[in-house]
Amino acid sequence: MKNVANCPKCGKIFVKALRPICQHCYKEQEDQFDKVSTFMRKKQNRMSSIREVHEQTEVELTLIHQFVREGRLQTKSFPNLGYPCESCGEIIKEGRICGGCTANITTGLDNLQKEKEFQERKDAERRAEKSKGATYHSLKDRF
Ligand SMILES: [Zn+2]
Ligand SMILES: [Zn+2]
């Protein structure tokens, strides 16, 4: 059988055809979505924050985040919904990371490159140290 996988939610083995989760979990997720969307459709709930939605519907925060991220709950209609930035966790409404983190990415990459160069230099030094290990020891004996 091809495309057989463990459901990331319940761990059961299922055929991964249309969805990343099994039929059972998918149905459960849709029920949860119905709950949230029914709640949000009420006029007085339009301005609810994710936490309020969570408290009123008892749907998991991460699931509500997912619905917003997938665009199933439109932040245009519900301005206080959002989902966390993948980098710092700040609530955002579009993309994968917040504006601050986007700005930091360039700097971050620079730092990563510097860190890599530093490690390489240290490795080279260590190798050099090893190759003259004998000399090093004799020196140490002398002092
Ligand atoms: Zn499942
Ligand atoms: Zn961020």
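What follows draws every value from the coordinates through simple rules; no lab data is involved. Quick caveat, the model's predicted, so the values are computed rather than measured. Note that we place each Cβ from the backbone using ideal geometry, even for glycine, and neighbour counts take in every protein chain shown.
Rounded, prolate or oblate: pick one for the chain, where a ≥ b ≥ c are the square roots of the eigenvalues of its C-alpha gyration tensor, a/c under 1.5 means rounded, and failing that, prolate if a/b is larger than b/c, else oblate. Taking the square roots of the gyration eigenvalues as a ≥ b ≥ c, the chain is prolate. Taking the C-alpha atoms only, the angle from helix 99-131 to the longest principal axis of the chain is near 30 degrees.
Quote to one decimal, in nm, the extra length available between Val4 and Thr75 on full extension: 0.36 nm per residue of separation minus the C-alpha distance between them.
Taking 0.36 nm per residue and subtracting the Cα distance, the gain is 22.1 nm.
For the chain, modelled as a GNM whose springs connect Cα atoms under 10 angstrom apart, the maximal fluctuation among Leu109, Leu73, Leu61 occurs at Leu109. Among Lys43, Lys27, Lys130, the largest mean-square fluctuation in a Gaussian network model of the chain, built with springs joining Cα atoms closer than 10 Å, belongs to Lys130. Label separation (Arg96 vs Lys122): 2.8 nm, computed from points 7 Å beyond Cα along the C-beta direction. Note on the chain: GNM, Cα springs under 10 Å; of Gln29, Gln56, Gln113, the largest mean-square fluctuation is that of Gln113.
Given Leu81, Phe118, Ile64, which one lies farthest toward the positive end of the charge dipole of the chain, if we put +1 on the Cβ of every Lys and Arg and -1 on the Cβ of every Asp and Glu? With unit charges placed on the Cβ atoms, the residue in question is Phe118. Here the chain is treated with +1 on each Lys and Arg Cβ and -1 on each Asp and Glu Cβ, and its dipole about the Cα centre works out to around 340 debye. A full extension of the chain between Ala103 and Glu86 corresponds to an added length of 4.7 nm, given 0.36 nm per residue minus the alpha carbon distance.
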